[in-house]
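A short reminder: the numbers here are calculations on the coordinates, not readings from a lab. Remember, predicted model here, so these are calculated numbers, not experimental data. Cβ: placed from backbone, ideal geometry, glycine included. Neighbour counts: every protein chain shown.
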Amino acid sequence: MAARRASSSLIATVCAVALLAFLASSGCFVSAPLESKAALRGGPAVERDAATAVALGAAVAAIPEAAHAANQGYAVLQLGWAVFIIGLGPAVLFYIYFNKPELL
């Protein structure tokens, strides 16, 4: 049986597309402002505008939900309920099929 492998041109094309996507996304990141070093300890206080206050409020409001979602016990609980609910369908069908076939 012959070995299966991708063509060289396909591999080169995928690598070129990945490199172009990486280079295109490098403009998405913004460097820190130059005056940020002066705002460290002992520097002048930074004034905040209303948009910053709203964004900070939204972030603070989302913290409890993020902490709740990151809890491993909560994830296991969700998986357990998903298995239970998905398993109910076949269980009910088997019960009806074997105990009350006249309903089918």
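Return the FRET efficiency for the residue pair residue 91, residue 58: r is the Cβ-Cβ distance, R0 is 41 Å, and the value is rounded to the nearest 0.05. Write out the running numbers ahead of the final one.
On the way: r = 43 Å, r/R0 = 1.05.
Using R0 = 41 Å, I get an efficiency of 0.45.
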* **Length released on extending from residue 10 to residue 78, taking residue separation times 0.36 nm less the Cα-Cα span** => 20.3 nm
